[in-house]
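Bear in mind these aren't lab numbers, they're just calculated from the coordinates by the rules spelled out. Since the structure is predicted, the reported quantities are computational estimates derived from the model, not experimental observations. In this analysis, Cβ positions are derived from the backbone assuming ideal geometry, glycine residues included, and neighbour counts consider all displayed protein chains.
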Amino acid sequence: MLDFVQFLTSASVVTFMLLFVRVSTLFVFMPFFSSEIISVTVKSAVAFYMTLFFYPLVPTVAFELTPSNVMAAVIMETLFGFSVGIILRFAFAALQYAGEQIAFVMGFSMATSIDPQTAQSSPMISQFLNTVAILFFLIFDGHHLILLFMSNSLSTISLGGFLLSDSYLESIMAEMANLFVMGFSLAFPILALSLLSDIIFGMIMKTMPSFNLLVIGFPAKIAVSFVVLIAVVGSMMAVFKSEFLRTFNLLGGM
């Protein structure tokens, strides 16, 4: 009993609280763990368990325990989870953007539904790619890498010691610009095929005025797009994996 009471000091309580804030915010913003399918109760329970697991590895906070310092430390821990989570989510966002571009050229822009992962409306193609990416993410143990990052961050960035420096902001802006380039690159095979089919159908309509584009052209374009999507989805997941690991290594370097 006395061993437990000696941990109820102000410094120990603040250390536990800041550690819980770091772990919970990482769960809120990290890929897979932030899924809307997982209930808040489960997320809170897992965050509390991980806090108990990591607590022996964390040294007690050394700053002065004033209300302003504690509040500033909580804000810094929240910013840490947000900045890390948003960088790692760019790989998933690139697939989302690619799916929207593919759905647009296939004429499926209106075929939307609520994505259970994000609780937002998105095209079916984007949801398909996002679901495959989640499964691929679990296959190469991306969720284990995130837990490993949590553990390593405790030894490199002290609780309450994170600062949103210019390097973080520049990295976020660079990854945001790379998001659109990567998304367009992933969708390029189908976009190029769609442009080529439009040119072919236009030439056919010039030589054969009786050719009905709505009855023959659009279904053929959709069928060929699906065939190409099935053929390149494996390569898209390989690019997704390399992009995620690149951003993960970028965080380690930062």
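Here are the numbers for this structure:
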{"item": "Between segment 7-27 and segment 29-52, the Cα center-to-center distance that results, in Å", "result": "16"}
{"item": "Selected from Ser151, Met110, Val28, residue furthest toward positive end of dipole (the chain; charges at beta carbon)", "result": "Met110"}
{"item": "Helix 124-139 axis, angle to the chain major axis (alpha carbon atoms, nearest 10°)", "result": "50"}
{"item": "Peptide ranges 148-155, 85-92 listed from the most packed, as the mean C-beta count within 10 angstrom indicates", "result": "85-92, 148-155"}
{"item": "Mean Cβ neighbour count within 10 Å, used as a protection proxy, ranking 61-72, 186-197 highest first", "result": "186-197, 61-72"}
{"item": "Between 0 and 90°, nearest 10: helix 218-253 axis offset from the chain longest Cα axis", "result": "20"}
{"item": "For segment 2-253: span of alpha carbons on each principal axis (Å, largest first)", "result": "90, 35, 30"}
{"item": "C-alpha long axis of helix 90-106 to longest principal axis of the chain, angle in °", "result": "20"}
{"item": "The chain, helix-only ellipticity at 222 nm - DSSP H runs n ≥ 4, -39,500 (n - 2.57), divided by all residues, nearest 500", "result": "-25500 deg cm²/dmol"}
